[in-house]
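The values are calculated or read from the model by the stated rules, or taken from the named source; none is laboratory data. Since this is a predicted model, take the numbers as computed values, not measurements. Note that we place each Cβ from the backbone using ideal geometry, even for glycine, and neighbour counts take in every protein chain shown. These area figures cover heavy atoms from the full protein model, side chains too; ligands, DNA and RNA do not enter into them. Shrake-Rupley method; radii C 1.70, N 1.55, O 1.52, S 1.80 Å.
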Amino acid sequence: MDDILAPIQEAFEGQIDFHGQRITEFLSTALLILSGGVLAFLAGYIFQDIYLSLWVGLAGTLVTGLVVVPPWPVYNKNPESWLVPLPGGMRGAGVVVDGVKVA
């Protein structure tokens, strides 16, 4: 059963790396400015329709959410290598601060 649920769990955990976070921040800002600001304003101005402007802005926001919110594999191409925990909990951590072993 774990073999079946493991890929589903990984898909919903939403793990992205730091570079992926930078990409999503840039994409969300650029897409919201482009769709919500520029395209919605131009559509409303050209057709003189505030409702069209609002719908274009809403559609742009939904597209931005679809691009940014799911943890697409492109956002996890540079994962960080974390330290492996030692057995024994905190006693075996061996953290050294200024030459003195802590914990």
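What FRET efficiency would be calculated for the residue pair Leu5, Asn76, taking the C-beta separation as r and a Förster radius of 30 Å, to the nearest 0.05?
Working: r = 20 Å, r/R0 = 0.65.
According to the calculation, E is roughly 0.95.
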Solvent exposure, largest accessible area first (probe 1.4 Å, DNA, RNA and ligands not counted), of Asp98, Asp2, Asp49: Asp98, Asp2, Asp49
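Counting only heavy atoms of protein chains, what accessible area per residue, in Å², does the chain have with a probe of 1.4 Å?
On the way: 8580 Å² over 103 residues.
For the chain, the solvent-accessible area averages 83 Å² per residue.
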Quick one: P(r) of the stretch 30-91 from all Cα-Cα pairs, 5 Å bins, percents rounded to integers, in order of increasing distance. 4, 17, 16, 12, 9, 8, 8, 6, 5, 5, 4, 3, 2, 1
Any chance you could give the angle, 0 to 90 degrees and rounded to 10, that helix 2-13 forms with the longest Cα principal axis of the chain? 60 degrees
Which angle from 0 to 90°, rounded to the nearest 10, does the C-alpha axis of helix 18-31 make with the longest principal axis of the chain? 10 degrees
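Please find the FRET efficiency linking Phe18 to Thr61, where r is the Cβ-Cβ separation and R0 is fixed at 25 Å, and quote it to the nearest 0.05.
Working: r = 25 Å, r/R0 = 1.01.
The calculated FRET efficiency here is 0.50.
Rounded to the nearest percent, how much of the accessible area of the chain (1.4 Å probe, protein heavy atoms only) is carbon and sulfur?
Values: 5990 of 8580 Å².
Ligands and nucleic acids excluded, carbon and sulfur reach 70 percent.
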